[in-house]
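The block underneath contains the structure these notes are about, expressed in structure tokens.
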Amino acid sequence: MGTEAFQTQMEALVKEFQSFQSRSQHSDLSDLPKHERQALVTRTIAAVHRISGTESTYAKEIDRLLIKLPHLHEHTTSIAGVAGALLADLKSGYIQSLVEIVHGALFADFLEMAQHLQDSGYKDAAAVIAGSTLEAHIRELCQKASIPLENKKADGSITAKKADLLNSELAAAGAYSKLDQKNVTAWLDLRNKAAHGKYAEYSAEQVSLLIAGIRDFVTRNPA
């Protein structure tokens, strides 16, 4: 999920807060039903945690408020302020780095799994996991570069683009170099051989190079 979806979520919540303000005669919204305020605050806290993580400045500010006064409905306007700050930073592009860090950590975990399998003598499983991680990263890069992941045919049917096509489109869009494109093509080919049981067509040494190459590629081209 990219920052556009996160921004849409926060905009909807901020708009709902504004609706509450228009209905209320008090700055703290205390004349509105408690269950409505509590529901909105709960959804907003969940969105802040989902988007920024539980250790972010936004989340810690919410924690500080709740320690001071544990009843959620008493924090409607304060939580609205946190939501507004997060939305402003999303619009300014400041949260992109967080999204990239989350993706990078996730892909690193899968590559560590692939390396463990490789070290344990399971080259074929390692190749499949590493190659699948690469394809997932390519799709994330496409979302970052606003490259559609699907093709719409003349009859209205929709099909998912294959990784090779996405690789070509990313290189054409300047997301990464032609050399990276060639490497990705080779890595995807090895993954396909592993996935289709052509185990004799590549070696354990090639799988080790595959994992190392993908790890370097993901690090240099964050999504």
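Using C-alpha positions alone, give me the convex hull volume of region 177-223 per residue in cubic angstrom.
Values: hull volume 3.3 nm³, N = 47.
In region 177-223, the Cα hull volume divided by residue count equals 71 Å³.
Give the order of ILE67, ILE214 when sorted by the count of other beta carbons within 10 angstrom, beginning with the fewest.
Values: ILE67 8, ILE214 23.
Sorted ascending by nearby Cβ count, the order is ILE67, ILE214.
Projecting each Cα onto the charge dipole of the chain (Lys/Arg +1, Asp/Glu -1 at the beta carbon, about the Cα centre), which of GLY121, PHE17, TYR202 comes out farthest on the positive side?
PHE17
Between ALA39 and HIS71, what length in nm is gained on full extension when 0.36 nm per residue of separation is reduced by their alpha carbon distance? Walk me through the numbers before you get to the answer.
Numbers: separation 32, 0.36 × 32 = 11.52 nm, distance 1.18 nm.
Here the segment from ALA39 to HIS71 would lengthen by 10.3 nm.
Can you give the direction-averaged projected area of the convex hull of the alpha-carbon atoms in region 96-220, in nm²?
Working: hull surface 33.5 nm².
Average projection, Cα convex hull of region 96-220: 8.4 nm².
Take the chain, connect every pair of alpha-carbon atoms lying under 10 Å apart with a spring to form a Gaussian network, then pick out the residue of ALA127, ALA88, ALA39 with the largest mean-square fluctuation.
Among ALA127, ALA88, ALA39, the largest GNM mean-square fluctuation belongs to ALA39.
What does the charge count near THR133 come to, summing +1 for each Lys or Arg and -1 for each Asp or Glu among other residues with Cβ under 14 Å from its Cβ?
Numbers: positive: ARG139, ARG191, ARG215; negative: ASP109, GLU112, GLU135, GLU140, ASP216.
Overall, the nearby charge balance is -2.
Nothing charged except the Cβ atoms of Lys and Arg (+1) and of Asp and Glu (-1): what's the magnitude of the dipole of region 77-223 about its Cα centre? Round to the nearest 20 debye. The partial results should precede the final answer.
Details: 15 positive and 17 negative charges, 78 e Å.
Computed charge dipole of region 77-223: roughly 380 debye.
I need ASP216, ASP124 ordered by Cβ neighbour count within 10 Å, fewest first. Walk me through the numbers on the way to the answer.
Numbers: ASP216 12, ASP124 18.
Ranking ASP216, ASP124 by Cβ neighbours within 10 Å, fewest first, gives ASP216, ASP124.
Apply the a/c threshold of 1.5 to the C-alpha gyration tensor of region 3-92 and tell me whether it is rounded, prolate or oblate. Please report the intermediate quantities before stating the final value.
Values: a/c = 2.09, a/b = 1.31, b/c = 1.60.
Because a/c hits 1.5 or more and a/b fails to exceed b/c, region 3-92 counts as oblate.
Taking other Cβ within 10 Å of each residue's Cβ, how do VAL14, VAL82 sort, fewest first?
Working: VAL14 17, VAL82 21.
Going from sparsest to densest Cβ surroundings: VAL14, VAL82.
Could you tell me the center-to-center distance, by alpha carbons, between region 26-72 and region 143-196 in angstrom?
Between the Cα centres of region 26-72 and region 143-196 lies a distance of 41 Å.
By how many degrees, between 0 and 90 and to the nearest 10, does the Cα long axis of helix 3-23 differ from the longest principal axis of the chain?
10 degrees
For the pairs LYS34/LYS68; LYS123/LYS144; LYS91/LYS162, note any where the Cα-Cα span goes beyond 23 Å. Before the final figure, lay out the partial values.
Working: LYS34/LYS68 18 Å; LYS123/LYS144 31 Å; LYS91/LYS162 31 Å.
Checking Cα-Cα distances, LYS123/LYS144; LYS91/LYS162 exceed 23 Å.
No lab work stands behind these numbers, since they all come straight from the coordinates. From a predicted model like this one, the values you see are computed outputs, not experimental measurements. Every residue, glycine as well, gets a Cβ built from its backbone with ideal geometry; the counts of neighbours run over all protein chains shown.
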